[in-house]
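Below is one structure, written out as structure tokens, with a few remarks after it.
The values are calculated or read from the model by the stated rules, or taken from the named source; none is laboratory data. Since we're looking at a predicted model, the values are computed, not measured. For neighbour counting, all protein chains shown are included, and Cβ atoms are generated from backbone atoms with ideal geometry for every residue, glycine included. Side chains are part of the model used for accessible areas, which takes the heavy atoms of the whole protein and leaves out ligands, DNA and RNA. Shrake-Rupley method; radii C 1.70, N 1.55, O 1.52, S 1.80 Å.
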Amino acid sequence: MIQPAPRALALFALGLPLAALPSLAWPQLWPLWVLFGAISLAAWGIDAALCPRSLSWRLESPDTLAMAATGEAVMHLEAPGGLASNLATELRLELSETMQPSPSVAGRLVAGGSKLRVPLVAKRRGRAAIEEAWVRTLGPLGLMRSTLRLALRRPLEVVPNLTPVHAAALAFANPRETMAGLKIERFVGDGSEFEALREYQAGMDPRSIDWKSSARHTRLLSRELRAERNHQVVLALDTGWLMAEPIHGVPRIDHAIHAALLTAYVGLRHGDRVRLFSFDQRPGRLTPPRGGVGALAHLIRYTGELAYSDAETNFTLALTDLTSRLRRRSLVVVMTELVDTVSAELMVENVLRLARRHLVIFVALRNPYLEELATAEPHRMEQVERAVIADSIARERQLVLRRLRRRGVTCIDEQPDRLNAALLNHYLEIKRRERI
């Protein structure tokens, strides 16, 4: 499609009165505005003839895109026959609804081809696509422009953001850090699993003396203990409608997935076996326990397939099913969201029932927007009402968390940017204290 550019319309609207102005003083000069119109139409026709009516293109785009991370698509454009010579060009990509709208990118279409780079940002995990491209090119005079529609249909796979996991991998690449996390601890009191007997020496902890073995061997022997490994860690992810609420443009469930993958990576490096469990109105899939860093790829693939649900979470059905399927004592990390004390009543009861047999970490994401509303200085009655409502929500939230803490459940209530460190620190503290 070829149409006049805004510059052409502006010049014509400005030049036509100027061309007709002399005829007001000298009527015989009336052909001037006719001449101006003819010249304008001729210039438009020449510019339209030089506008490219077709383009050869090639799109370079990633096959996978990390959630909430910025990727890049590169569009190669070239006019056939070498007609283009430094023409102003504008490119806009039509993306699927799971992607953020593409900004318009300006460039120059030159002989030999040009490259236009478009940033890509995903709003949700799953399948996405670069569907179409709109290319608008100005003619050499800037008076006419051609608009071309290119059918691309390039699929993309949006996966969880592994940036925190990669950062943790670099930290664990340090030999000293790796040995500190993986070697068998032989210090007395730092473990609970029997390692060996050795002769008691002065300066050792007397509590480590094994009196039965000492009586049998007629000399004092002490027990050496080591930290127990091969624990089972279950990461339970709520995928209900509350977890689809965005915080900083990213759904809660994706913040939870990023923290879960980081904890899974560290747990696998420490010799534990990690499982993932998802639930909303029905229990989802419980992955088999896997050990070793190689198991992280299976966890990433599973979390990438988790769908966004608009159903209300059924905690009774989900956590009862999880309890019945766990045969050994495990560390269970429940990542969910709560609104008020009334709706959270069933959740609390089932979490406490799960905590009777397992060690539970309850994780909730705090919305910074509510904190801003509650602490902002009000200037109107509307702002006062919002602050009161936000403060009441925060109070009810703390009541639920306080009730869980009193019953021995470890609770984490942090903003998304602090969740990774908070969950990881709690996990390492549990490992250090041998609570599993």
Mind checking which residues of the stretch 340-356 are in a loop (DSSP other than H, G, I, E, B), at pLDDT below 90 and open to solvent by 60 Å² or more (accessible area, probe 1.4 Å)?
-> Val342, Ser343
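Answer yes or no as to whether Arg366 is closer than 21 Å to Arg418 by Cα, open to solvent by 20 Å² or more (accessible area, probe 1.4 Å) and touching an Asp or Glu at 6+ places or on another chain (Cβ under 7 Å).
Details: closer than 21 Å to Arg418 by Cα: yes; open to solvent by 20 Å² or more (accessible area, probe 1.4 Å): yes; touching an Asp or Glu at 6+ places or on another chain (Cβ under 7 Å): yes.
It is true that Arg366 is closer than 21 Å to Arg418 by Cα, open to solvent by 20 Å² or more (accessible area, probe 1.4 Å) and touching an Asp or Glu at 6+ places or on another chain (Cβ under 7 Å).
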Does any residue of the stretch 120-127 turn out to be under 34 Å from the mean Cα position of the chain (by Cα), outside any loop (DSSP other than H, G, I, E, B), buried (at least 21 other Cβ atoms within 10 Å of the Cβ) and free of Cβ contacts under 8 Å to residues at least 60 places away in the same chain?
-> yes
When Pro288 is run through (1) open to solvent by 50 Å² or more (accessible area, probe 1.4 Å); (2) at pLDDT below 90; (3) over 27 Å from Ala344 (Cβ atoms), the failure sits at (2)
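Among the residues of the stretch 321-336, what is the count of those that are assigned to a loop (DSSP other than H, G, I, E, B) and not polar (S, T, N, Q)? Working first, answer last.
Within the stretch 321-336, the first condition is being assigned to a loop (DSSP other than H, G, I, E, B), and the residues that meet it are 326-330.
If we keep only those that are not polar (S, T, N, Q) as well, we get 326-329.
Total satisfying the criteria: 4.
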The lone condition Val110 fails out of (1) of a type in the set (A, V, I, L, M); (2) in contact with a strand residue (DSSP E or B) (Cβ under 7 Å, 6 or more places away or on another chain); (3) farther than 20 Å from Ala8 by Cα is (2)
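Somewhere in the stretch 254-270, is a residue of a type outside the set (Lys, Arg), farther than 17 Å from Leu419 by Cα and not in a helix (DSSP H, G or I)?
Within the stretch 254-270, one or more residues are of a type outside the set (Lys, Arg), farther than 17 Å from Leu419 by Cα and not in a helix (DSSP H, G or I).
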Please find, within the stretch 405-418, the residue that is nearest to Glu371 (Cα to Cα) out of those that are open to solvent by less than 30 Å² (accessible area, probe 1.4 Å), outside any loop (DSSP other than H, G, I, E, B) and at pLDDT 90 or above.
-> Asp413
Kindly indicate whether Ile436 is open to solvent by less than 70 Å² (accessible area, probe 1.4 Å), in a loop (DSSP other than H, G, I, E, B) and at pLDDT below 90.
-> yes
Answer with yes or no whether Leu65 is open to solvent by 70 Å² or more (accessible area, probe 1.4 Å) and either modelled with pLDDT of 75 or more or not in a strand (DSSP E or B) (or both).
-> no
Out of the residues in the stretch 370-382 that are at pLDDT 85 or above and in a helix (DSSP H, G or I), which is farthest from Glu337 (Cα to Cα)?
-> Met381
Of the residues in the stretch 327-339, those that are closer than 25 Å to Ile389 by Cα and surrounded by 14 or more Cβ atoms within 10 Å (Cβ to Cβ) number 4
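Quick grid of which residues meet (1) among the charged types (D, E, K, R); (2) under 25 Å from Met347 (Cα atoms); (3) open to solvent by 10 Å² or more (accessible area, probe 1.4 Å):
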residue: Ala264; (1), (2), (3): no, yes, no
residue: Gly267; (1), (2), (3): no, no, no
residue: His270; (1), (2), (3): no, no, yes
residue: Leu276; (1), (2), (3): no, yes, no
residue: Phe279; (1), (2), (3): no, yes, no
residue: Val293; (1), (2), (3): no, no, yes
residue: Asp310; (1), (2), (3): yes, yes, yes
residue: Asn314; (1), (2), (3): no, yes, yes
residue: Leu322; (1), (2), (3): no, yes, no
Within the stretch 375-404, residues being free of Cβ contacts under 8 Å to residues at least 24 places away in the same chain, surrounded by 13 or more Cβ atoms within 10 Å (Cβ to Cβ) and either among the small types (Gly, Ala, Ser) or closer than 26 Å to Pro164 by Cβ (or both) number 2
